Amino acid sequence: MTTLNDYCERLGPGLLAEPVNAVTNGAFLIAAWWIQARARRLGVSGDPGIAGLTALAVAIGVGSTVFHTVATSWALLADVVPILLFQLLFLWLYLRRRTAVGAAGALLLVALFLLATLASRSAPQVLNGSLAYYGPTLLVLLGLGWRELRQRQRPQLLLAGGVFSFSLLLRSIDQLVCPWLPIGTHLFWHLLNAVVLALAAAALMPPAAGAAPAGIGGHTDNNALQP
């Protein structure tokens, strides 16, 4: 079975050929724990949407660990599918809970995002494939983050967009820095994206006690548990 060699750290086949890339996936498990801890603190631990995001954060950590150890085509699916599912679920929850878009409209927008994501993967694989795989995600995250900041004075999503932009840069230069940094920069993609997942989930929860209220014209959190 062919071993995929997509990252600087991997020098050959074997389960331990990418130890740093494999171990840093533990950050996703920490993010999942943090999401649930925050949900309990805010009284929304029974929210099925947040539970789904938590489960997918765990799946992302497990799937990425499998890929960075086994490094085969089927392991790649275990890596990318949970990431895509997290994005789709988050976008659905955001549209239904933070906007006035109905179920049909939200489903259409999620479908369009999925099509854009799949279509972008046929683009030239420049920058280590980062823009082809995650260009639509970056645009949506920054757009929603700017909306949240303007309408609700909640910075989590815009901060998540900034962190994601930096992590995308580090993913893109992984192969370029090999001569100077043998372990590459992909480990930071894991560490920073765990932060992105946590911030994205936090943006769907009610504000903490004492937080600033939503801005004029912004939607309230009355529908926080809406599917």
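The values are calculated or read from the model by the stated rules, or taken from the named source; none is laboratory data. A quick note: this is a predicted structure, and the numbers were derived from the prediction, not measured. Cβ sites come from the backbone with ideal geometry, for glycine too, and all protein chains shown count toward neighbours.
State yes or no: is V101 hydrophobic (A, V, I, L, M, F, W, C), touching a helix residue (DSSP H, G or I) at 6+ places or on another chain (Cβ under 6 Å) and outside any helix (DSSP H, G or I)? Spell out how you get there, then give the answer.
Values: hydrophobic (A, V, I, L, M, F, W, C): yes; touching a helix residue (DSSP H, G or I) at 6+ places or on another chain (Cβ under 6 Å): yes; outside any helix (DSSP H, G or I): yes.
Yes: the conditions hold for V101.
Within region 68-127, which residues are among the small types (G, A, S) and on the phi > 0 side of the Ramachandran plot? Step through it out loud before you land on a result.
Step one: list which residues in region 68-127 are among the small types (G, A, S), which gives 71, 73, 75, 78, 100, 102-106, 111, 116, 119-120, 122-123.
Matches in region 68-127: A71 only.
Part of a helix (DSSP H, G or I) and under 12 Å from the mean Cα position of the chain (by Cα) - does that describe any residue in region 37-53? Reasoning before the result, please.
In the first step, residues of region 37-53 are kept if they are part of a helix (DSSP H, G or I); the result is 37-41, 48-53.
Of the ones still in play, those that are also under 12 Å from the mean Cα position of the chain (by Cα) are 53.
The answer is yes, given that some residue of region 37-53 is part of a helix (DSSP H, G or I) and under 12 Å from the mean Cα position of the chain (by Cα).
Of everything in region 154-180, what is touching a helix residue (DSSP H, G or I) at 6+ places or on another chain (Cβ under 7 Å) and within 13 Å of L197 (Cα to Cα)? Give them in sequence order. Spell out how you get there, then give the answer.
Taking region 154-180 first, the residues touching a helix residue (DSSP H, G or I) at 6+ places or on another chain (Cβ under 7 Å) are 154-161, 163-168, 170-172, 174-175.
Selection gives Q156, L157, L158, L159, A160, G161, V163, F164, S167.
Out of region 85-112, which residues are modelled with pLDDT under 95 and under 18 Å from the mean Cα position of the chain (by Cα)?
Listed by number, the list is empty, since nothing qualifies.
So the check is Cβ under 9 Å with 6+ separation or different chains; which pairs have a first residue in region 20-31 that's in contact (Cβ under 8 Å) with a residue 12 or more places away in the chain and more than 16 Å from A55 (Cβ to Cβ) and a second one that's surrounded by fewer than 23 Cβ atoms within 10 Å (Cβ to Cβ) and among the charged types (D, E, K, R)?
That search, which allows pairs on different chains as well, returns V20/E9; N21/E9; N21/R10.
Only one residue in A27, A37, A59 is among the aliphatic types (A, V, I, L, M), modelled with pLDDT of 95 or more and surrounded by fewer than 16 Cβ atoms within 10 Å (Cβ to Cβ), so which one is that?
Numbers: A27 fails: surrounded by fewer than 16 Cβ atoms within 10 Å (Cβ to Cβ); A59 fails: surrounded by fewer than 16 Cβ atoms within 10 Å (Cβ to Cβ).
Of the residues listed, the single one that is among the aliphatic types (A, V, I, L, M), modelled with pLDDT of 95 or more and surrounded by fewer than 16 Cβ atoms within 10 Å (Cβ to Cβ) is A37.
Kindly indicate which of T65, T69 is in a helix (DSSP H, G or I), polar (S, T, N, Q) and surrounded by fewer than 19 Cβ atoms within 10 Å (Cβ to Cβ).
T69
Of the conditions (1) buried (at least 19 other Cβ atoms within 10 Å of the Cβ); (2) among the hydrophobic types (A, V, I, L, M, F, W, C); (3) without any contact (Cβ under 8 Å) to a residue 40 or more places away in the chain, V81 fails just one. Which one is it?
Every listed condition holds for V81 apart from (1).
Could you tell me which residue of region 142-168 is nearest to T99 (Cα to Cα), considering only residues that are in contact (Cβ under 8 Å) with a residue 24 or more places away in the chain and hydrophobic (A, V, I, L, M, F, W, C)?
Filtering region 142-168 for residues that are in contact (Cβ under 8 Å) with a residue 24 or more places away in the chain and hydrophobic (A, V, I, L, M, F, W, C), the one nearest to T99 (Cα to Cα) comes out as L144.
Among the residues in region 8-20, are any surrounded by 17 or more Cβ atoms within 10 Å (Cβ to Cβ), at pLDDT 70 or above and part of a helix (DSSP H, G or I)?
No.
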